[in-house]
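Participant: Here's a structure for you.
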């Protein structure tokens, strides 16, 4: 029987185990941590994830999408909370389109359950990878509690053990001409759990992503099924008027939220009391190449860890599974050919999703409350409504299609320039009648300017 090793039982590792098991492989998964399912998964335990088209496509491909939809909440747009307590709503796409809030812990547990209970995959916990012999497919392991050493040999090995992958560090990074970079952004994040009302109802509108943009930093909130919201504050560590290193006492935290997020403070006046319930964490982008060598391949964050500002980290990792599976079929499971095609195909897209994530951080924390950006969004939405088969906004290309990330990035940037020039040339303002904007849009599409599609 064909055998496969997966290092890491996180989101990508668990989904990839399902793919391989359905393809007839005997799958052994080795996980450094203990079984997360033995600890009650609470809302707010980790940054909620936003599942979009690419993620659903990969889940549906192996017939488990509906299982995950049971634990996902649709978010049809973003609600902007301005400093003056006013709100503004910006839909994500056309009518009915949504991204979905899901607890990282819950989706991970569900994927592990499906892999083990329905497909007879074995997940071995407390097993730390210490090395990989990628020529012979041998994974060397150490039990984290007993220190016992062991090894497991298989036909192929997949490292899905995250941004700080042990398999990548112990094996791939020792290779000659292996390129690797690890870059931290200046900002970190801290999570805050906004509890439900006493009757279990939501304190904020449920089916939307809430954002408090504040120029150089922001707070976001995603809904949970129990009426709570998992909130995350992204902010510089130091060197700015508002930064994590200046929030040293409960009084500091209290004053900060009163001043900067007054409506949130009204909802949660005890925010300072729960400030230390979650750790202050860093954010890094990992780039490396090659992603494969011998019988070993890197997937997910082990290959292309990104920052969370486009909500594509999980979706991109799940798309790795879908693409790799299609290449398995295309090359009749000749793994040397599969691996070569995989890294050539996915590396440019891994880089592009990182660029998109950084670019969207600027949008979320600053531009969403900017009048010029809002006007551009208004015009772009109208173009999309008038020409739905010819024009796709960048957000839609990334979140509601499986267009390659690198193509979406290129087209999106080009479109932004064209629309900005279009608004300026025609002196369009928020007061310009919609009928006039429509005439100008029709002229744009009927004229010589080419909109990329």
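Participant: In whole angstrom, note down how far apart the Cα centers of region 64-136 and region 376-453 are.
Facilitator: Answer, in whole Å: 30.
Participant: Further question on the same structure: Which whole-number percent is the relative contact order of region 279-411 (Cα, under 8 Å, 6+ apart)?
Facilitator: 22
Participant: What number do you get for region 232-370 when its Cα radius of gyration is normalised by 2.2 N^0.38 Å, N = residues?
Facilitator: 1.44
Participant: Among 66, 35, which comes first, then next, by fewest other beta-carbon atoms within 10 Å?
Facilitator: Ordered from fewest to most neighbouring Cβ atoms within 10 Å, 66, 35 come out as 66, 35.
Participant: Once the mean 1/r over all distinct Cα pairs of region 127-198 is inverted, what Kirkwood radius in angstroms do you read off?
Facilitator: Mean inverse Cα-Cα distance, inverted, gives 15.2 Å.
Participant: Kirkwood hydrodynamic radius for the chain: how many Å is it when counted over pairs of different Cα atoms?
Facilitator: By the Kirkwood definition, the hydrodynamic radius is 23.5 Å.
Participant: Same structure again: From Cα pairs below 8 angstrom and at least 6 apart in sequence, can you work out the relative contact order of the chain, rounded to a whole percent?
Facilitator: Relative contact order, the chain: 18 percent.
Participant: Using alpha carbons only, how many degrees (0 to 90, rounded to 10) separate the axis of helix 371-386 from the longest principal axis of the chain?
Facilitator: The answer is roughly 80 degrees.
Participant: Binning at 10 Å from 0, report for region 370-446 what percent of all alpha-carbon pair distances ends up in each bin.
Facilitator: 18, 53, 26, 4
Participant: Still on this structure: Antiparallel DSSP bridges in the chain: what percent, to the nearest 5?
Facilitator: 75
Participant: Further, regarding this structure: Report, to the nearest 10°, how far helix 11-22 tilts away from the longest principal axis of the Cα atoms in the chain, using its own Cα long axis and a range of 0 to 90°.
Facilitator: 60
Participant: Here's something else I'd like to know. Using the per-residue mean of other Cβ atoms lying within 10 Å as a proxy for protection, in what order, highest first, do the peptides 303-309, 435-441 fall?
Facilitator: 303-309, 435-441
Participant: Relative to the compact-globule scaling 2.2 N^0.38 Å, provide the ratio for the alpha-carbon radius of gyration of region 346-404.
Facilitator: This ratio for region 346-404 stands at 1.26.
Participant: Still on this structure, I have one more. Need one number: convex hull volume per residue for region 80-189, Cα atoms only, in Å³.
Facilitator: That works out to 244 Å³ per residue.
Participant: Report, largest value first, the span of the C-alpha coordinates of region 318-373 along each principal axis, in whole Å.
Facilitator: 53, 15, 13 Å, listed from the longest principal axis down.
Participant: Could you list 25, 184 so that the one with the fewest beta carbons within 10 Å of its beta carbon is first and the one with the most is last?
Facilitator: Ordered by Cβ neighbours within 10 Å, fewest first: 184, 25.
Participant: Something else about it: For helix 104-113, what angle does its Cα long axis make with the longest principal axis of the chain, in degrees from 0 to 90 and rounded to 10?
Facilitator: Result, in degrees: 40.
Participant: Translational diffusion coefficient, Stokes-Einstein: compute it for region 135-266 using the Kirkwood radius over C-alpha pairs as Rh, at 4 °C and 1.567 mPa s, and state it as an integer in µm² s⁻¹.
Facilitator: 68
Participant: Determine the calculated [θ] at 222 nm for the chain from helices alone, applying -39500 (n - 2.57) to every DSSP H run no shorter than 4 residues and normalising by the residue count; nearest 500 deg cm²/dmol.
Facilitator: Result for the chain, helices only: -11500 deg cm²/dmol.
Participant: Now for a separate question. Determine, for 418, 64, the number of other Cβ atoms within 10 Å of each Cβ, and report the residues in order from fewest to most.
Facilitator: Exposure proxy ranking, most exposed first: 418, 64.
Participant: When the Kirkwood hydrodynamic radius is evaluated over all pairs of different C-alpha atoms of region 325-453, what value in angstrom, to one decimal, is obtained?
Facilitator: 16.7
Values quoted throughout were computed directly from the atomic coordinates according to the rules given, and no laboratory measurement underlies them. Worth saying up front: this structure is predicted, and the values here are computed from it rather than measured. Positions of Cβ are backbone-derived with ideal geometry, glycine not excepted, and every protein chain shown enters the neighbour counts.
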